[in-house]
Amino acid sequence: MTDPLESADTEAQRQRYILDDTGFDEVPKRFRKFYRKWRGAGDSLAPNEVVCPVCKVVIRSTRELRPGDRIYCMPCMSRLIVVRGDGGRLEATVAY
Ligand SMILES: [Zn+2]
């Protein structure tokens, strides 16, 4: 696995992001850049980030996320789907 974003439509160009190590230490070192801790009320999500509804970790992709994307949360091993939440923000729900 090279990115939490497992599948995405390819027809539309997506903005790409350079990720740096966030110091997130609950996954092996080479995956640390793909996750970070949610810092609470003052925090905000970038277009390539979504919060895992299970473990509340922020999942980060090298690509902009869109509704319908399937992503994998390594810290809690959940498979998730990106959805458009109330208020227009991107959220993730557990995929069964
Ligand atoms: Zn999780």
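Please treat every number below as a calculation from the coordinates, not as lab data. Since this is a predicted model, take the numbers as computed values, not measurements. Backbone-built Cβ (ideal geometry, glycine too); neighbour counts: all protein chains shown.
Please return the longest stretch of the chain lacking exposed loop sites, where GluC sites (Glu not before Pro) count only if DSSP places them in a loop and at most 14 other Cβ atoms lie within 10 Å. With a cap of 14 other Cβ atoms within 10 Å, the longest stretch comes to 27-96. For the chain, the spread of Cα coordinates along the three principal axes comes to 33, 28, 28 Å, biggest extent given first. Between Val57, Val27, Val83, the residue with the greatest mean-square fluctuation in the GNM of the chain (Cα pairs under 10 Å linked by springs) is Val27.
Of the residues Gly23, Gly68, Gly40, the one that moves most in a GNM of the chain with alpha-carbon contacts below 10 Å is Gly40. Taken over the Cα atoms of segment 28-73, the convex hull encloses 89 Å³ per residue.
For the chain, every cysteine has a partner cysteine C-beta closer than 4.7 Å.
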